[in-house]
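Undergrad: Structure in structure tokens, see below.
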Amino acid sequence: MSGALLNGRYRIIRELGSGGQGRTFLCQDMRLLGNPYCAVKQLRPANTNDPTLLNKAKRLFSQEIEALGKVGHHPQIPRLLDTFEENNELYLVQEYVEGVSLSQELPPGKPWQENQVIEMLREVLQILQFIHQQDVIHRDIKPDNIIRRKIDNKLVLIDFGCLKQVGDTQLTTQGGKVVSTMAVGTQGYMAPEQHQGRAFPCSDLYALGMIGIQALTGKSAMELQMKYTEPLSGEVQWQPLAPHVNPHLAGILSQMVAYRASDRFQSTTEVLQVLPPVYSQPTPSPQPTPSPQPTPLPQPTPSPQSKQGSKARGIIVLVGFIGLIFVLSLIPSFLNQAITAKQSEAKAYIGSINKGQQVYYVEYTRFSDNIDDLGLGIKLETENYSYNISKIDSSSHVISTATARDKRLKSYSGIVYLVNVGNGSQTSQSMICETNEPSSRVPDDFESFDKCPSGSSGL
């Protein structure tokens, strides 16, 4: 479409990006002096044949336009310039922000300094403070949506296509078609409650906290959630990856990404009040060199008696024997810890696949038979497990499995299924099952969706 003219005014230069709800183009405004650049977003849902999904996409698009009218006068949010309809397609026109995204500044394996993280957090928190005051929740805070503007090096928050206005009515699915609670966001940065279609101001804080942790550890948010999440509590155990981080800053980030929404900071103001200033790093003053001390003369040692020597040797042998027994007693504990850590991988991966299927169903009204379609970045074969979609009825349920490749490990299955909630409405539920004993036989023989197969237990 390069060179095409939209609305007789906006000439397309190139495509900036695309997603499930549409495309964004870099354009020039041919009616203004100098033909300045602008970003034109076209509403183009993936499933235009489904009127229910199309209406929902239009509703979200209208919400984005309305919200941009409220928040677009902040200097670090692109201004809304125009809206129009052409060939039954909706468009909005925004100020174009030239710069680089935080995702470009956060390459894997290259952690930031703490001062960089603090400055980034403070700047984005101040933007979020403004939009939350307008009763708007962004819901898709991620590095791709934070641009460092070239002209002044300021951070700019973009893409309000997933926003929620406080007080919006949450709908549900009807007759197998989604018209409700919509899980929106990006895996790795989505707060747990967003998978159920709920969002609060602290949901945005969760996402920003994950960016901060990503910056300090050099690990992607997806890897942090899948590999370093404690299965029972749901908390991200990230601090061992960055043990030298100031404890105060570490505590702030951990509270921002707490699993339970009620355990997090509830507002940007609360975080800004405790966020430390940029740490000063003074050059250490030289330490005085100690004067050399005279070497003491050796004292004469009395000759040991033979019995005393025998007793001493006996004590040394006894202590060594006790030490050996103690070390041997720790081996089972170390092995158990290693097995638990390996099994945690499977629990986290199956949990992520379940969540990914729920998000996929919301967008496409069907489950996927391909894990890669979920965009989770999960390897199907790891050192410890093989991952697979074992059974699927794309309109009612899907079962994924983690098959142990080590006879000491347990195997797992995850199921996502639809349930009727009355008045022809449906919602999705999920469950993870674990074999009761180590086994390479996956527990995927479900007699009913709400009960784990024989020989396994629900987590």
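Undergrad: Which residue pairs have Cβ atoms closer than 6 Å, lie 6 or more positions apart in sequence or on different chains, and pair a first residue in segment 201-220 that is within 14 Å of Pro108 (Cβ to Cβ) with a second residue that is at pLDDT 95 or above and β-branched (Val, Ile, Thr)?
TA: As it stands, the answer is Ala215/Val117; Leu216/Val117, since those pairs meet every condition given.
Undergrad: Output the number of the condition that Tyr387 fails; it satisfies all remaining conditions of (1) of a type in the set (Phe, Trp, Tyr); (2) closer than 20 Å to Glu223 by Cα; (3) assigned to a helix (DSSP H, G or I).
TA: Result: Tyr387 fails condition (3) only.
Undergrad: Can you confirm whether segment 342-358 contains a residue that is over 23 Å from Gly234 (Cβ atoms) and hydrophobic (A, V, I, L, M, F, W, C)? I'd like the intermediate steps shown before the answer.
TA: Let us first name the residues in segment 342-358 that are over 23 Å from Gly234 (Cβ atoms), namely none.
No, the conditions are met nowhere in segment 342-358.
Undergrad: For residues that are more than 27 Å from Val362 (Cβ to Cβ) and either not assigned by the TED database to the domain that holds Ser390 or not aliphatic (A, V, I, L, M) (or both), tally how many sit in segment 403-433.
TA: Keep residues of segment 403-433 that are more than 27 Å from Val362 (Cβ to Cβ), which gives 403-411.
Filter once more, so that each one left must be either not assigned by the TED database to the domain that holds Ser390 or not aliphatic (A, V, I, L, M) (or both): 403, 405-408, 410-411.
Matching residues across segment 403-433 total 7.
Matching residues to (1) of a type outside the set (Ser, Thr, Tyr); (2) modelled with pLDDT under 90:
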| site | (1), (2) |
| --- | --- |
| Ile77 | yes, no |
| Asn88 | yes, yes |
| Ser103 | no, no |
| Pro111 | yes, no |
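Undergrad: Yes or no: Arg198 outside the structural domain of Val359 (by the TED database), crowded, with 16+ Cβ neighbours inside 10 Å, modelled with pLDDT under 90 and of a type in the set (Lys, Arg)?
TA: Numbers: outside the structural domain of Val359 (by the TED database): yes; crowded, with 16+ Cβ neighbours inside 10 Å: no; modelled with pLDDT under 90: yes; of a type in the set (Lys, Arg): yes.
Against the criterion (outside the structural domain of Val359 (by the TED database), crowded, with 16+ Cβ neighbours inside 10 Å, modelled with pLDDT under 90 and of a type in the set (Lys, Arg)), Arg198 does not qualify.
Undergrad: Answer yes if at least one residue in segment 426-447 is out of contact with any strand residue (DSSP E or B) (no Cβ under 8 Å at 6 or more places or on another chain), surrounded by 14 or more Cβ atoms within 10 Å (Cβ to Cβ) and outside any strand (DSSP E or B), and no otherwise.
TA: Step one: of segment 426-447, the residues out of contact with any strand residue (DSSP E or B) (no Cβ under 8 Å at 6 or more places or on another chain) are 437, 445, 447.
Then keep just the ones that are surrounded by 14 or more Cβ atoms within 10 Å (Cβ to Cβ); that gives 445.
The next check asks that each one be outside any strand (DSSP E or B); those that pass are 445.
Yes, segment 426-447 contains a residue that is out of contact with any strand residue (DSSP E or B) (no Cβ under 8 Å at 6 or more places or on another chain), surrounded by 14 or more Cβ atoms within 10 Å (Cβ to Cβ) and outside any strand (DSSP E or B).
Undergrad: For segment 82-139: of the residues being β-branched (Val, Ile, Thr) and touching an Asp or Glu at 6+ places or on another chain (Cβ under 8 Å), which is nearest to Glu193 (Cα to Cα)?
TA: The first filter runs over segment 82-139 and keeps only residues β-branched (Val, Ile, Thr), leaving 83, 93, 97, 100, 117-118, 124, 127, 131, 136-137.
Now narrow it down to the ones that are touching an Asp or Glu at 6+ places or on another chain (Cβ under 8 Å): 93, 137.
On the way: Val93: 31, Ile137: 13 Å.
Ranking the qualifying residues of segment 82-139, first place goes to Ile137.
Undergrad: Give Leu81, Leu60 a once-over and let me know the one that is in a helix (DSSP H, G or I) and assigned by the TED database to the domain that holds Asp29.
TA: Details: Leu81 fails: in a helix (DSSP H, G or I).
That would be Leu60, the only listed residue that is in a helix (DSSP H, G or I) and assigned by the TED database to the domain that holds Asp29.
The values are calculated or read from the model by the stated rules, or taken from the named source; none is laboratory data. Here the structure is a predicted model, which means the values were calculated and not measured. We place every Cβ from the backbone using ideal geometry, glycine too, and count neighbours over all the protein chains shown.
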